[in-house]
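Undergrad: I have a structure I would like to understand better, so I am pasting it below and will then ask my questions one at a time.
Every number in this text was worked out from the coordinates using simple rules, so none of it is lab data. Just so it is clear, the structure is predicted and the values come from calculations on it, not from any experiment. Don't worry about glycine lacking a Cβ; one is built from the backbone with ideal geometry, like all the others, and counts go over all protein chains shown.
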Amino acid sequence: MDLAVFLVQCLNAIQYGLLLFLVASGLTLIFGILGIINLAHGSFYMIGAYLAYALAPWAAANVGGGFFVALGIGIVLSIAFGYVLEWAFVSYLYEREHLQQVLMTYGLILVLEELRSILAGDDVHGVAPPAWLAGTVPLGGVMTYAVYRLFMSGVCMAVALALYLVITRTRVGMAIRAGASNREMVQALGIDIRLLYRIVFAGGVALAVFAGMIAAPASSVYPGMGNQVLILSFVVVVIGGIGSVRGALTASLLVGFVDTFGKVFMPQIAGLLVYVLMAAILLWRPEGLFRTA
Amino acid sequence: MKLPRIAIPPAIGRLLKFWPLAAALVVLALFPHIGGGFYVDLVLTTMILAIFALSLELLVGGTGLVSFGHAAFFGIAAYATVLLSAKTDAPSLAWLLPPVLAIAAIAACVIGALCLRTRGIYFIMVTLAFAQMTYFVFHDTSLAGGSDGLYLYAKPRLAIGDVTLLDLGRPMTLYYATLGCLVVVYALLALIGRARFGQALAGIKSNEQRMRASGFSTYPYKLAAFTLAGALAGVAGFLHAVKDGFVNPEILAWHQSGAVLLTLILGGIGTLRGPVLGAFVFVLLKEVFQSEAVFGAFARHWQLPLGLAIIACVALMPNGVVALPARFRRLRMPIPHAG
Amino acid sequence: MRFRATVSRIGLVAALCAVASVASAQDRIKVGFMLPYTGTYAALGTAIENGFRLYVQERGGTLGGREIEYVKVDDESEPSKAVDNINKLIKRDNVDVVVGTVHSGVVMAMAKVAKETNTLLIDPNAGAGAVTGAMCAPNIFRSSFSNWQPAYAMGKVAGERGAKKVVTITWKYAAGDESVEGFKEGLKAGGGQVVKELTVPFPNVEFQALLTEIAATKPDAVYAFFAGGGAVKFVKDYAAAGLNKTIPLYGPGFLTDGTLEAQGASAQGMLTTLHYADGLDVPKDKAFRAEYEKAYRSAPDVYAVQGYDAAQMLGIGLDAVKGDVAKRDALVAAIEKARIDSPRGAFTLSKSHNPVQDIYLRKVVGTENRYQGVAVKSLADPAKGCSMK
């Protein structure tokens, strides 16, 4: 494998890892702060993709800012949806054992998949990226790379930065970090922990939906697309350490590299490698790479 | 109306406690003679699921270890059954079953040795990871037919010389063999629950730190429970492979591990009746939701009512169906008045 | 028998009574659909059923003088549940014929059970070679294709167009393997060879790493076999990697059938081979398309045609025995000898019960797979391992 191809593969790995990070970051926050295992997280990703498909004609009709406005609408809708879902369903999960959370959110996956089937049908769809992002750039004569994928990576990095800033530099972020360490103390200080939970959950949902929306033009929109992303996000969250966004970023990139290079060098066991990685890390560091608190 | 009190000797009283179990056993034993072919198959599938669920109960209810990867041992045993069977003649049960169970047990021992180094949520995730690894071994490599699965050419039989004692290729024989396995597994787990081993596991479940503080080494007990649970799941896997004559990597998928956990919680964790009841309830729910006769054209969206039912059951009946009679009794009890 | 059935209904639970109580009148023939109604292939399952029902409707709801009744089971494209699902149709619903399915892994289990129970099975899509190969049986028919057929045709076309070094890429499962094998044979006949065979675990759709591999290998052409969501993603990713400008992408029709709306510009100009195309100069096709549009308000695809032809085949058999399904040998003989007047063009069946048909070359123009010519005429599947040859 010559240098040029190697570099392109690295680019592939980073791009894949960053998208995974976007989904996993929401999951790790929900997991770390709320203490809830949410198996339905992959379904939010799917909802994002279908939302992108549904809003696409509208976005295309409004040239120029149409794409970003569609993204904005998606984010607003997902925050609202996350807020309502937390109030109506997730809040009942806090006192329950992990097993019950797993099963109730598993039921939620089935419900969301079927609702999608009823509302949006079962066909496979494509979403066109906005015209100004639809080109390709040549990569040293090896092949060309879709500009949209570079854009996606850029957006993921921006979101990562934004998350970092919010969590470390804002009051809400401070409350979130405090709530992760010591729930009761935060309540004793007069901060409404329930409101905090609602915000964090809605934020997590928004991240997953946003990931689905920007991934839609690069992948296709099809039934069951949430499943693959879900299990990988869990792997990322566990490797990185539950509740740690920094951990999620490191782990996603790690998974991206293992998966990409695994596929090239050892296709037969590529699928298995990610889990071997997870098992190895858990046996070395039983609580993930970056434990919170 | 209060029934007149009859003096019952204590011994018979203890035995009478088992009447629901005995009745269920009788119904299951007689069922093939009164049911049609399809329903017998359905009950057979349910009994296999019940054995699988019972094996997990040892871990979840007996030791407090929630494993999200139990399907791995079910699948390994099923695949071992097919891989170890000759392609031509009917394999001998005596030479097939012990190695299959041994393989499942060894796999459980190895995987358990590694997984049990973690705790709590991490334990759940690492069992999932190992199950996924096993899934990918069967799905991606050419070890066993990949994603298309493998066929069992001839079903095993037990023969001494020329005399065939048990031919699992015959549906009735397989049904009764499965019923027999279910009874044996149930009895075995009941005995373990009463023995020192089971008490130790219960202690680990309620407070592991206290057990360790009193000088008890918990790791070997947990590992033993994990291995035994894996072997028992292997029994279910073996029966599944014989029943279908076909194995496929999907039997190792995390969905299967989730489904068996669901069966446990539906029935009721902490009892042995729970998993068995849960298996019947789960299969029944799926059948009802998928039936066109009840739902008409909407039956194609059967996953929606199933998902809602799962949520409702876990939310409203966290202790499972088994706990329902107790709840009704509490509802009917007279509310004590003060004074 | 009736007593046992009744008691079993009461015995299990009242709810299951509803399931079993569908009255089966003596003069109706039960057709059991085992198709994917959920999951990635759901749209294909619906198209097949639509095509089947259209033909029966054209015949006034009867075949062989008897009314047709339908029962459906969702196979979820899950091979692990296949045995249970087909047993539902055969043992619970007592169907006279099973029609299914889309996924090759599922159809294998179905063929095994159908062979063991001697149930009439018509496969309206799944191209697994074994169905009309190692597992062939007098009671098993196929109205679609074998994975080998369109692949072989594509291989020949690729070779004739000057491809000497080709890289293949597909999902690692039976259908993918068979397709690549067929392509290799055809390519050799056309004067080329496959230099690298890449695979992706099914149903994974992350192709970037392998596309980079392909770019590094610099072949004359690439042959890909994917369907549904995978087909959409692969063709789009291939174009995004700029490979479609320098390395032609070939594939069987599934790469571009039912996916053009989603693929958009990335698929334009692609050549594929299949036993069906848009713009065929076949009168039956024009009539079929008009009827289908009227009945279902959408355009038919190859899956609808296959469903329609499955119904035609059943109809031919039933007509020959005047609806008496018990006369299985005569029914089978009639279908074997038949010349089916299909929208794809007339075809006959090989001794292994697979269609012997023309494979067309198609080009993607807009949202159509436009007919370009015949790639291979009257191509029959080699039916490896079939004892009926």
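Undergrad: Shielding of C:230-236 by partners, i.e. mean partner chain Cβ atoms within 10 Å per residue?
TA: 4
Undergrad: Report, in deg cm²/dmol and to the nearest 500, the calculated mean residue ellipticity at 222 nm for chain C, where each DSSP H run with n ≥ 4 adds -39500 (n - 2.57) and the sum is divided by the residue count.
TA: Rounded to the nearest 500, it is -12500 deg cm²/dmol.
Undergrad: Between residue B:330 and residue B:6, how high is the FRET efficiency from 1/(1 + (r/R0)^6) when r is the Cβ-Cβ distance and R₀ = 35 Å? Nearest 0.05.
TA: 0.85
Undergrad: Based on the Kirkwood radius over alpha-carbon pairs, what value in µm²/s does the Stokes-Einstein equation return for the translational diffusion coefficient of region C:192-323 at 10 °C and 1.306 mPa s?
TA: Diffusion coefficient, whole number: 93 µm²/s.
Undergrad: List, in the order given, every pair from B:243/C:112; C:30/C:88; C:30/C:351; C:72/C:351; C:156/C:196 whose Cα-Cα distance in the structure shown is over 22 Å.
TA: Correct reply: C:30/C:351; C:72/C:351.
Undergrad: Tell me the volume per residue, in Å³, of the convex hull enclosing the alpha carbons of region C:133-214.
TA: Value for region C:133-214: 112 Å³ per residue.
Undergrad: Note down the relative contact order for chain B as a percent, whole number, built from C-alpha pairs under 8 angstrom at least six residues apart.
TA: Relative contact order of chain B: 28 percent.
Undergrad: Could you tell me which of rounded, prolate or oblate describes region A:244-293, using a ≥ b ≥ c as the square roots of the eigenvalues of the alpha-carbon gyration tensor, with rounded for a/c under 1.5 and, failing that, prolate when a/b is larger than b/c and oblate otherwise?
TA: oblate
Undergrad: Take the Cα atoms of the protein assembly as shown, build their convex hull, and give its volume per residue in Å³.
TA: 202 Å³
Undergrad: Mind listing the phi-derived Karplus ³J(HN,Hα) values for region C:268-273, rounded to whole Hz, using 6.51, -1.76 and 1.60 with θ = phi - 60°, and x for any glycine or proline?
TA: Per-residue couplings from phi come out as 4, x, 6, 9, 9, 10 Hz.
Undergrad: Could you calculate the contour length gain from residue A:84 to residue A:7, that is, 0.36 nm times the residue separation minus the distance between their Cα atoms, to one decimal place in nm?
TA: Details: separation 77, 0.36 × 77 = 27.72 nm, distance 4.43 nm.
Gain on stretching residue A:84 to residue A:7: 23.3 nm.
Undergrad: Rounded to the nearest 500 deg cm²/dmol, what is the calculated helix-only ellipticity per residue at 222 nm for chain A, with -39500 (n - 2.57) per DSSP H run of length n ≥ 4? Please report the intermediate quantities before stating the final value.
TA: Working: 11 runs with 209 residues, N = 293.
Value at 222 nm, helices only, nearest 500: -24500 deg cm²/dmol.
Undergrad: While we're on this one: Can you classify region B:241-319 as rounded, prolate or oblate using the Cα gyration tensor, where a ≥ b ≥ c are the square roots of its eigenvalues, rounded means a/c under 1.5, and otherwise it's prolate if a/b beats b/c and oblate if not? Before the final figure, lay out each step's value.
TA: Values: a/c = 1.78, a/b = 1.04, b/c = 1.71.
Note, shape of region B:241-319 comes out oblate.
Undergrad: Sequence neighbours fewer than 8 away in the same chain don't count; with that in mind, list the aspartates and glutamates whose C-alpha is under 14 Å from residue C:327.
TA: C:96, C:319
Undergrad: About the Cα centre of the protein assembly as shown, what is the dipole size in debye to 20, counting +1 per Lys and Arg Cβ and -1 per Asp and Glu Cβ, all else neutral?
TA: Here the protein assembly as shown has a charge dipole of around 2420 debye.
Undergrad: To the nearest µm²/s, what D does Stokes-Einstein give for region A:21-225 at 4 °C and 1.567 mPa s, using the Kirkwood radius over alpha carbon pairs as Rh?
TA: Stokes-Einstein gives a translational diffusion coefficient of 71 µm²/s.
Undergrad: Give me C:309, B:167, B:140, C:123 ranked fewest to most by other Cβ atoms within 10 Å of their Cβ, as a rough exposure proxy.
TA: By the 10 Å Cβ count, ascending: B:167, B:140, C:309, C:123.
Undergrad: Classify chain C from the C-alpha gyration tensor, please: rounded if a/c falls under 1.5, else prolate or oblate depending on whether a/b exceeds b/c.
TA: prolate
Undergrad: Say the cut-off is 24 Å between C-alpha atoms; which of C:286/C:389; C:294/C:363; C:188/C:377 go over it?
TA: C:286/C:389; C:294/C:363
Undergrad: What distance in nm separates the two pseudo spin-label positions at residue B:143 and residue C:348, each 7 Å out from Cα along the beta-carbon direction?
TA: 4.8 nm
Undergrad: Continuing with this model, one more query. Binning at 10 angstrom from zero up to the longest distance, how are the C-alpha pair distances of region B:1-153 distributed in percent?
TA: Spelled out bin by bin, region B:1-153 gives 9, 25, 28, 22, 10, 5, 1 percent.
Undergrad: Residue B:224 to residue B:114: extension gain in nm, 0.36 nm per residue of separation minus the Cα-Cα distance? Write out the running numbers ahead of the final one.
TA: Values: separation 110, 0.36 × 110 = 39.60 nm, distance 1.31 nm.
Answer, rounded to one decimal: 38.3 nm.
Undergrad: From the backbone phi of region C:178-193, what are the Karplus-calculated ³J(HN,Hα) couplings (6.51 cos²θ - 1.76 cosθ + 1.60, θ = phi - 60°) in whole Hz, Gly and Pro given as x?
TA: Once θ is set to phi - 60°, the couplings for region C:178-193 become 5, 4, 5, 4, x, 4, 4, 4, x, 5, 4, 5, x, x, x, 8 Hz.
Undergrad: Quick one: if you stick a label point 7 Å off each Cα along the C-beta vector at residue B:94 and residue C:367, how many nm between them?
TA: Each label point is offset 7 Å from its Cα along the Cβ direction, giving 6.9 nm.
Undergrad: Could you tell me the relative contact order of region B:252-325? Use alpha-carbon pairs under 8 Å, at least six residues apart, and round to a whole percent.
TA: Result for region B:252-325 is 36 percent.
Undergrad: Given Cβ point charges of +1 (Lys, Arg) and -1 (Asp, Glu) and nothing else, what value in debye, to the nearest 20, does the dipole of region C:320-389 about its Cα centre take?
TA: 120 debye
Undergrad: At 18 angstrom or more along the helix axis (alpha-carbon based) and mean Kyte-Doolittle of 0.0 or higher, what helices does chain B contain? Whole DSSP H runs only.
TA: B:19-34, B:37-63, B:71-84, B:93-115, B:120-140, B:171-194, B:218-244, B:254-267, B:273-290, B:303-316
Undergrad: Here's something else I'd like to know. Quick one: compute the contact order of chain C, relative version, from alpha carbon pairs under 8 angstrom and 6+ residues apart, as a percent.
TA: 18 percent
Undergrad: Can you give the Rg and Dmax of region C:263-350 based on its C-alpha atoms, in angstrom?
TA: Gyration radius and largest Cα-Cα distance of region C:263-350: 16.1, 53 Å.
Undergrad: Same structure, new question: Rounded to the nearest 10 degrees, what's the angle between the helix C:2-12 long axis and the longest principal axis of chain C, both from Cα atoms, 0 to 90?
TA: It is inclined by approximately 70 degrees.
Undergrad: Would you list, by chain and number, the aspartates and glutamates whose Cα falls below 15 Å from the Cα of residue C:164, excluding same-chain residues fewer than 8 positions away?
TA: Of all the aspartates and glutamates, those that pass the test against residue C:164 - Cα under 15 Å, at least 8 places apart if same chain - are C:185, C:197, C:220.
Undergrad: Per DSSP helix of 4 or more residues, -39500 (n - 2.57); summed, then divided by the residues of chain B. What does that give at 222 nm, rounded to the nearest 500?
TA: Here the helix-only value at 222 nm equals -23000 deg cm²/dmol.
Undergrad: Going by alpha carbons, how many degrees (0 to 90, nearest 10) lie between the helix axis of C:148-160 and the longest principal axis of chain C?
TA: Roughly 20 degrees between the two axes.
Undergrad: Can you give me the span-like helices of chain A, meaning DSSP H runs with 27 Å or more of Cα extent along the axis and Kyte-Doolittle mean at or above -0.5?
TA: Those that clear 27 Å and a mean of -0.5 are A:3-29, A:41-61, A:66-88, A:98-120, A:147-169, A:193-215, A:245-265.
Undergrad: Here's something else I'd like to know. Which ordering of A:91, A:25 is given by a fewest-first count of other beta-carbon atoms within 10 Å?
TA: On the way: A:91 16, A:25 30.
By the 10 Å Cβ count, ascending: A:91, A:25.
Undergrad: No solvent, one uniform scatterer per C-alpha: report log10 I(q)/I(0) for chain B via the Debye equation at q = 0.07, 0.11, 0.12, 0.13 1/Å, two decimals.
TA: Per q value, in the given order, log10 I(q)/I(0) is -0.33, -0.79, -0.94, -1.09.
Undergrad: Taking R0 as 60 Å, what FRET efficiency do you get between residue B:207 and residue B:172 from their Cβ-Cβ distance, rounded to the nearest 0.05?
TA: 0.80
Undergrad: If you don't mind, there's one more thing I want to ask. Give me, ordered by chain and number, the residues 5 or more places off residue C:141 or on other chains with an amide H under 5 Å from its own placed amide H.
TA: C:121, C:122, C:123
Undergrad: Angle check, please: helix C:328-337 long axis (alpha carbons) against the longest principal axis of chain C (alpha carbons), in degrees 0 to 90, nearest 10.
TA: For helix C:328-337, the angle is close to 30 degrees.
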